[in-house]
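Worksheet: one structure, shown below.
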Amino acid sequence: MPNPENAQIADRFAELIRESQDKLSPAEQRVVSFIDRNRAAALAQSATQLAADIGTSNATVVRAVQTLGFKGLAELRRLIATDMDRQPSSSENMRRTLAQVGESSELAATLVLESHLKALQALQEPEARMRLNQAVSCFASSERIVLLGIGRAGPIASYVAVMLGRIGRRARAFTASGAGLADDLLDLRRGDVLVLLANGNPYKEAVTAIRQARLVGIQVVLVTESETSKIAKRSDIVVPAPRGRTEHVSLHGTTMCVMEALVTGLAACDRDRTLLELDRFEDLRTQLGGRDYVE
């Protein structure tokens, strides 16, 4: 397999494509181009699934991967995951996105919608569904659900904590970064489950949170697009949340869909409890003046 450590290339997969252009047949070029445009989704798909999406044969997918210098699709996935872990800056990603769409707002909107569609299709795969179910079971057996979301993931963590509270589940969102997170981590206790919303390289807050979770003796559920990252290897359950073309502007719609699926799945585990708590919530809201606020 080509070794990404042999050269300091920001996007080793793109470099391999350029180096192999003369070796690839037209059909193989179509396969490689599709994988390049849909990297996050490709991490969760088999050669057969990729072939169906591209409109080619399984053998053509395998030949294309081998022409790039890989023994198989698994090795290609590892390189893509390594490239994805680099996490370019927001300005780099936006620059790539705008370079592709030009000044067309319609094309920009289409790019986002198509990226989300691909990501959601990947979540329909049996492996992804199994992990979603595992996470729901873990939530159901816990006394409290603690969500850690730093930066742009913070608002998602806070929103999900509110929704969990409305269906009668004790929940708390940790959104502080740096030393400000220390007070929150002290509150982790046996009976909790720690949910990390994280992608890419293991940042210090996530690593410290996992370490604290291990000391307390609680499970860690990771919601991520980077299923082969170091954080993923340290987590008990990894729920895929592919974000589409990660070399472009960051998208978080799939993460929100995954979290809402988990909340709804948990609600279904105890229907009576869910409905009772929602009735109590509506009663309180009525006492406080009805719906005169933004949902």
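The values are calculated or read from the model by the stated rules, or taken from the named source; none is laboratory data. This one's a predicted model, so the numbers in the text were calculated from it and none came from an experiment. Cβ sites come from the backbone with ideal geometry, for glycine too, and all protein chains shown count toward neighbours. The area values use the complete protein model at the heavy-atom level, side chains included, leaving out ligands, DNA and RNA. Shrake-Rupley method; radii C 1.70, N 1.55, O 1.52, S 1.80 Å.
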* Asked: Across the range 171-186, what is the total count of residues that are part of a loop (DSSP other than H, G, I, E, B) and under 24 Å from the mean Cα position of the chain (by Cα)?
  -> 3
* Hey, does the range 61-84 have a residue that's surrounded by 14 or more Cβ atoms within 10 Å (Cβ to Cβ), in a helix (DSSP H, G or I) and at pLDDT below 70? -> yes
* To do: Please work out if residue 35 is part of a loop (DSSP other than H, G, I, E, B), of a type in the set (Val, Ile, Thr) and either modelled with pLDDT under 90 or within 23 Å of residue 199 (Cα to Cα) (or both).
  => no
* Kindly establish whether residue 44 is open to solvent by 20 Å² or more (accessible area, probe 1.4 Å), part of a loop (DSSP other than H, G, I, E, B) and within 25 Å of residue 120 (Cβ to Cβ). => yes
* Output the residues belonging to the range 119-138 that are open to solvent by less than 40 Å² (accessible area, probe 1.4 Å) and either more than 16 Å from residue 50 (Cα to Cα) or not in a loop (DSSP other than H, G, I, E, B) (or both). => 119, 122, 128, 132, 135, 136, 138
* Please name all residue pairs, on different chains or six or more residues apart, with Cβ atoms under 7 Å, provided the first residue is in the range 56-70 and is aromatic (Phe, Trp, Tyr) and the second residue is open to solvent by less than 50 Å² (accessible area, probe 1.4 Å) and outside any loop (DSSP other than H, G, I, E, B). => 70/76
* Would you check which residues across the range 187-216 are in a loop (DSSP other than H, G, I, E, B) and either aliphatic (A, V, I, L, M) or surrounded by 21 or more Cβ atoms within 10 Å (Cβ to Cβ) (or both) and list them? => 188, 198, 199
* To do: Check off (1) open to solvent by 40 Å² or more (accessible area, probe 1.4 Å); (2) assigned to a loop (DSSP other than H, G, I, E, B); (3) modelled with pLDDT under 80 for residue 91 and give me the number that stays unchecked.
  => (2)
* Considering only the range 164-188, state which residues are over 20 Å from residue 134 (Cβ atoms) and out of contact with any strand residue (DSSP E or B) (no Cβ under 8 Å at 6 or more places or on another chain). => 166, 168, 176, 177, 178, 179, 180, 182, 183, 186
